[in-house]
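Asker: Dropping the structure in here first, questions after.
The values are calculated or read from the model by the stated rules, or taken from the named source; none is laboratory data. Nothing here was measured: the structure is a model prediction, and the numbers come from that model. Reconstructed Cβ throughout: ideal geometry from the backbone, glycine too, with neighbour counts over all protein chains shown. Areas reflect the complete protein model, heavy atoms only, side chains present, ligands, DNA and RNA absent. Shrake-Rupley method; radii C 1.70, N 1.55, O 1.52, S 1.80 Å.
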Amino acid sequence: MTNSSLGLLVQSFFTDYLPVQKGLRLSSIRSYRDTVRLLLCFVAEQRHRQIAKLSLDDLTFEQVLAFLKHLEQVRGNAVRTRNQRRAALNTFFAYLASRVPEMLATCQQVAVIPVKRTTLPNAHYLEREEVTALVRSLPRKGRFALRDRALLLFLYNTGARAQEVADLLIEHLELEPPAKVHLHGKGDKWRICPLWDETVRQLRRLFTDSGATMKGPVFCSRRGQPLTRFGIYKIVRRHAAAWDISGPDPRRVTPHLFRHTAAVHLLEAGVEVNVIRAWLGHVSLDTTNRYAELTLRAKAEALQACEVGSEVSGVSPARTAWKDDKVLLDWLNAL
């Protein structure tokens, strides 16, 4: 196997297989790129040759094992990062096996490298009272006051990922009743989320103020360009850092924390878990079920309902629509 075949396979993996056949987005492709780049640099150093002179014969099972060990012991990567790199390598080597049958034995060995067990990170969220206080603390005057208020409210309303918000165009919004937004998520999948009346009102004000066009981005920077993920992160940090919690289990308010918050509050409002899974764009229901462990309030209510002597029949049935939850709407109306 020649070194040129490795270069051609790597090129086709990134230019055809990932974007065309698998339909991955640019951010996901960059994650694969970083993993393959790290592997090639590691193998080149171990083989004492330039990357351009590597061949498929250099990509052995032993080299992959040594690379994963290197990630943890030398680069200081966490177990979760190591597992993510391993998953990317599985995809890469599976592609190699489909194109070069001589690599099948090595690829099969790589495929059975076990995932290291690790505890799931704590997923924090904001209580409803904290969300209310945060929204009320937002400035009402200033060049970007409307944009920032609409952005934070949109994050909480939809539970959207930062990249989904960064990619959002005005044409993806339907502001006439029933208002909704079309979000482009992971795996090149689209989903629809309903919008509160207050969210719609803030978005309309934002578009009127900025003179936006249908093809333009919803949330813009000072230069009129779409906000990036990092730009959204900075805006959230600027307004919400006061709600951080320090200590042995610290909480840092970020755009993704609003996603956790939306999920927990949906659960507390009685929304069925499959609806929340579709709302947030989760592939697996297990991911959504994690949020059920976050809310002590729900556990306390369940315990009270099961208490000896309690009138179980008197417990009101869970509501199936978030808009029916009066507590959530009360603070929206008070803005």
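Asker: So the check is Cβ under 6 Å with 6+ separation or different chains; which pairs have a first residue in the stretch 184-195 that's farther than 15 Å from Leu169 by Cβ and among the acidic types (Asp, Glu) and a second one that's outside any strand (DSSP E or B) and at pLDDT below 95?
Answerer: These pairs meet every condition: Asp188/Gly23.
Asker: One residue is enough: does the stretch 67-76 have a residue meeting the conditions within 24 Å of Leu104 (Cβ to Cβ) and aliphatic (A, V, I, L, M)?
Answerer: yes
Asker: Quickly run through the stretch 275-294 and pick out the residues that are farther than 20 Å from Glu127 by Cα and either in contact with a Ser or Thr (Cβ under 8 Å, 6 or more places away or on another chain) or open to solvent by less than 40 Å² (accessible area, probe 1.4 Å) (or both).
Answerer: Hits for the stretch 275-294 are Val275, Arg277, Gly281, His282.
Asker: On to the next question. Name the residues in the stretch 214-272 that are of a type in the set (Phe, Trp, Tyr) and surrounded by 14 or more Cβ atoms within 10 Å (Cβ to Cβ), would you?
Answerer: Within the stretch 214-272, Phe219, Tyr233, Trp243, Phe258 qualify.
Asker: Among the numbered conditions (1) loosely packed, with under 13 Cβ neighbours inside 10 Å; (2) in contact (Cβ under 8 Å) with a residue 12 or more places away in the chain; (3) under 30 Å from Gln202 (Cα atoms), tell me where Leu134 comes up short.
Answerer: (1)
Asker: Given (1) open to solvent by less than 40 Å² (accessible area, probe 1.4 Å); (2) closer than 30 Å to Cys220 by Cα; (3) basic (Lys, Arg), identify the lone condition not met by Arg140.
Answerer: The one condition Arg140 does not meet is (1).
Asker: Take the stretch 165-195 and flag every residue that is open to solvent by 10 Å² or more (accessible area, probe 1.4 Å), part of a helix (DSSP H, G or I) and under 22 Å from Ser28 (Cβ atoms).
Answerer: Ala166, His172, Lys186, Gly187, Asp188
Asker: Among the helices (runs of 4 or more DSSP H) contained in the stretch 1-118, which hold 3 or more residues that are under 26 Å from Gln163 (Cβ atoms) and among the β-branched types (Val, Ile, Thr)?
Answerer: Correct list: 26-47, 79-99.
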